[in-house]
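Notes for the one structure printed next.
The values are calculated or read from the model by the stated rules, or taken from the named source; none is laboratory data. Only a predicted model underlies this, so the values are computations on that prediction, with no experimental measurement involved. Using ideal geometry, Cβ is built from the backbone for each residue, glycine included, and neighbour counts are taken over all protein chains shown. The area values use the complete protein model at the heavy-atom level, side chains included, leaving out ligands, DNA and RNA. Shrake-Rupley method; radii C 1.70, N 1.55, O 1.52, S 1.80 Å.
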Amino acid sequence: MLKSAMDYSIKIGGEAGQGLQTIGHVLCKVFLRGGFHIFAYQDYESRIRGGHNFYQLRFSDRPVLSSSEKVNLIVALDRESIERHRSELVEVGTTRNREGLVLYDSKSLGINHSDPSFLDVPMETIAVEKGGNKVMMNTVAVGAVLGMLNFDFSILESILRESFSRKGIELVEGNIRAARAGYDYAKEKCLRCRFNVSPIHGPRRMLISGNEALALGALAAGCKFMSAYPMTPSTGIITYLAGKAEEFGLVVEQAEDEIAAINMALGASFTGVRSLTATSGGGFCLMTEGVSLAAMTETPIVIVIGQRPGPSTGLPTRTEQGELFFVIHAGHGEFPKAVFSPGTPEDAFYLIQKAFNIAEKYQCIVFVFSDQHLADSYWSVDGLDFNRIKIERALLRDDEVTEDYRRHKITDSGVSPRAIPGQAKKAVVVTDSDEHDEEGHIVEDAETRKAMVLKRMRKLQGIASEITMPELYGTGNPDLLLIGWGSTYGALREAIDLLRIEGINASMLHFKELWPFPEGIGRVIKSAKNIYTVENNFTGQLRRLISAETGIELNGSINKFDGRPFTSGEIIRELKNALNR
């Protein structure tokens with residue numbers, strides 16, 4: 001029987017093009033509508049067809065924030081999925097008997113397993129007989145999974161009607177018949193299935209990915225222009241916003257390259273429009289001259305950096321946190337900037353709107369980190385509070401623009417009054433990529449150069465005052481402190497919960513706003529006896545940043561750089577190895 005606390009994982013494996021995402025996403029919707037909390041993670045190769053991919057979803061009656069190492073059910077759409085993942089099935093006690101199950105189609109795979117852990121469902125045959133097309137194998141697979149769990153079929157039926165309603169009643173009914181046949185077959189044949197999962201009562205929740213949360217947050221913040229060149233894993237942002245462009249009066253432009261993308265966004269921002277661009281490390285390399293252009297002209301812009309393993313093209317569809325120092329120090333010369341690193345979709349939604357406010361308020365660049373794990377994973381969230389969104393515009397009104405207007409006027413805060421070109425007939429808005437005077441005209445003299453650098457750098461004080469402290473999860477005086485940033489949040493938090501169960505006084509410190517580095521954080525860190533960062537990189541970049549900014553040497557860092565995200569189990573094992581050393 002399942003434990004009283006429901007926590008169940010399903011892995012769908014196969015080749016690109018076999019519809020893994022379809023199966024996984026429909027199951028997520030079914031369990032979400034059944035009242036469960038969801039976390040879903042995708043692992044895919046950089047090819048349109050072939051290769052080995054999988055989609056792993058976890059549902060529970062309690063909030064879940066990361067993937068499990070063990071799975072209860074594998075849906076194998078190819079042989080490789082069985083070979084690679086069979087060892088991940090949950091076990092009974094210490095006998096190493098598999099409690100988990102494998103669902104497969106012996107005919108389509110050309111293999112037959114007599115092991116009772118395998119359930120042979122003729123998905124292709126059912127799809128053709130009941131739906132009229134073998135493409136409906138995915139629908140049969142979803143139905144079979146729910147049949148094995150004895151889950152309420154009516155929820156799936158309603159989702160299929162909603163999903164296919166625009167394609168005609170015949171297609172709707174064909175999919176329902178196929179799903180029902182798969183459901184009935186699995187329920188009847190799966191005699192050793194001891195699972196009886198029923199919907200639970202609970203509030204309605206959203207199912208949202210990191211990319212979708214970033215896009216929604218940008219819309220809520222008043223973003224009206226986005227230009228980008230598609231680059232995994234940030235591409236989902238531009239595709240989502242392109243689909244909302246007409247509805248929200250948004251201009252979305254797919255540029256010919258990243259140089260054009262950042263310059264288009266700067267041009268739009270110069271005219272007063274809140275502008276966004278998004279890329280990954282390789283594309284950002286091309287953007288760095290544009291970053292310095294934004295700094296010199298004091299043009300606000302928000303840039304999303306979707307990290308993936310490098311150097312060069314690296315692993316295009318995998319995850320890593322290798323660009324912390326690159327982004328903090330990006331662009332030639334010295335100038336103020338801010339760097340954020342959301343760990344969940346909620347963080348992404350609220351932080352990107354803060355990014356727009358700070359960019360406009362201080363006329364600077366704000367970077368928002370993401371990575372493949374955050375971008376492409378799905379979470380269930382209770383909702384997004386739009387009342388928390390405060391759009392803080394920082395433009396002069398028409399009656400405030402005078403004849404002696406100076407675009408780069410020296411002020412105590414370093415922030416110059418900002419007018420839009422053509423806003424007032426008597427004023428001219430001038431700027432330049434060369435060093436310039438208050439009016440925006442090119443200069444060469446030393447005194448003006450010094451004055452303008454001091455003006456720009458004074459903005460750092462204002463930006464720093466807006467940076468919030470990292471989130472502390474646990475006690476303020478722990479024996480063990482694990483520090484992370486960005487998408488390690490979920491696995492880290494679950495690791496802390498597991499360590500506490502073992503009786504270890506452990507806490508987590510998670511950085512959501514990395515730069516300017518939060519002041520006073522040294523006092524929090526010094527309170528712990530053993531301190532480790534947990535990072536998806538080789539060199540421990542956050543650990544090095546903490547040491548550089550506070551002078552505190554941490555015990556070490558737990559690093560993973562194979563392109564895959566951490567699990568809580570991995571963190572605990574590596575931590576114990578480090579402590580034993």
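Taking the stretch 183-202 as the region of interest, how many residues are over 19 Å from GLY100 (Cα atoms) and surrounded by 10 or more Cβ atoms within 10 Å (Cβ to Cβ)?
4
Counting only residues that are in contact with a strand residue (DSSP E or B) (Cβ under 8 Å, 6 or more places away or on another chain), of a type in the set (A, V, I, L, M) and within 17 Å of SER67 (Cβ to Cβ), which one in the stretch 530-581 is surrounded by the most Cβ atoms within 10 Å (Cβ to Cβ)?
Residue satisfying both the conditions and the ranking: VAL534.
Output the residue which, of all residues in the stretch 131-144 that are farther than 24 Å from SER60 by Cβ, open to solvent by less than 60 Å² (accessible area, probe 1.4 Å) and of a type in the set (A, V, I, L, M), is modelled with the highest pLDDT.
VAL140
Go through (1) in contact (Cβ under 8 Å) with a residue 60 or more places away in the chain; (2) more than 20 Å from THR319 (Cα to Cα); (3) open to solvent by 10 Å² or more (accessible area, probe 1.4 Å) and name the single condition GLY243 misses.
Only one criterion in (1) in contact (Cβ under 8 Å) with a residue 60 or more places away in the chain; (2) more than 20 Å from THR319 (Cα to Cα); (3) open to solvent by 10 Å² or more (accessible area, probe 1.4 Å) is unmet by GLY243, namely (1).
Given the criterion under 17 Å from THR22 (Cα atoms) and open to solvent by less than 40 Å² (accessible area, probe 1.4 Å), identify the matching residue among GLY147, GLY174.
Among GLY147, GLY174, only GLY174 is under 17 Å from THR22 (Cα atoms) and open to solvent by less than 40 Å² (accessible area, probe 1.4 Å).
Given VAL71, VAL75, VAL26, VAL30, which one is open to solvent by 20 Å² or more (accessible area, probe 1.4 Å), in contact with a helix residue (DSSP H, G or I) (Cβ under 8 Å, 6 or more places away or on another chain), in contact (Cβ under 8 Å) with a residue 12 or more places away in the chain and closer than 22 Å to TYR183 by Cα? Talk me through it step by step, then tell me what you get.
Details: VAL71 fails: open to solvent by 20 Å² or more (accessible area, probe 1.4 Å); VAL75 fails: open to solvent by 20 Å² or more (accessible area, probe 1.4 Å); VAL30 fails: open to solvent by 20 Å² or more (accessible area, probe 1.4 Å).
That would be VAL26, the only listed residue that is open to solvent by 20 Å² or more (accessible area, probe 1.4 Å), in contact with a helix residue (DSSP H, G or I) (Cβ under 8 Å, 6 or more places away or on another chain), in contact (Cβ under 8 Å) with a residue 12 or more places away in the chain and closer than 22 Å to TYR183 by Cα.
Yes or no, residue by residue, for (1) assigned to a strand (DSSP E or B); (2) at pLDDT 95 or above; (3) within 23 Å of the chain's Cα centre (by Cα):
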{"site": "SER227", "(1), (2), (3)": "yes, yes, yes"}
{"site": "ALA242", "(1), (2), (3)": "no, yes, yes"}
{"site": "GLU246", "(1), (2), (3)": "no, yes, no"}
{"site": "VAL252", "(1), (2), (3)": "yes, yes, yes"}
{"site": "GLY272", "(1), (2), (3)": "no, yes, no"}
{"site": "ALA278", "(1), (2), (3)": "yes, yes, yes"}
{"site": "MET287", "(1), (2), (3)": "no, yes, yes"}
{"site": "GLY290", "(1), (2), (3)": "no, yes, no"}
{"site": "ALA295", "(1), (2), (3)": "no, yes, no"}
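Looking at the stretch 258-288 only, could you name the residues that are open to solvent by 50 Å² or more (accessible area, probe 1.4 Å) and within 27 Å of LEU315 (Cβ to Cβ)?
ILE259, CYS285, LEU286
Only helices (runs of 4 or more DSSP H) wholly contained in the stretch 125-193 count here; list those with 1 or more residues that are aliphatic (A, V, I, L, M) and over 33 Å from the mean Cα position of the chain (by Cα).
Helices (runs of 4 or more DSSP H) meeting the threshold: 169-189.
Only residues in the stretch 447-473 that are over 14 Å from SER416 (Cβ atoms) count as the first member; pair them with residues that are at pLDDT 95 or above and part of a helix (DSSP H, G or I), Cβ under 7 angstrom, at least 6 apart or cross-chain, and list the lot.
From residues that are over 14 Å from SER416 (Cβ atoms), the pairs are ILE463/ILE358; ILE463/TYR362; GLU466/ILE358; TYR473/ARG493; TYR473/ILE496.
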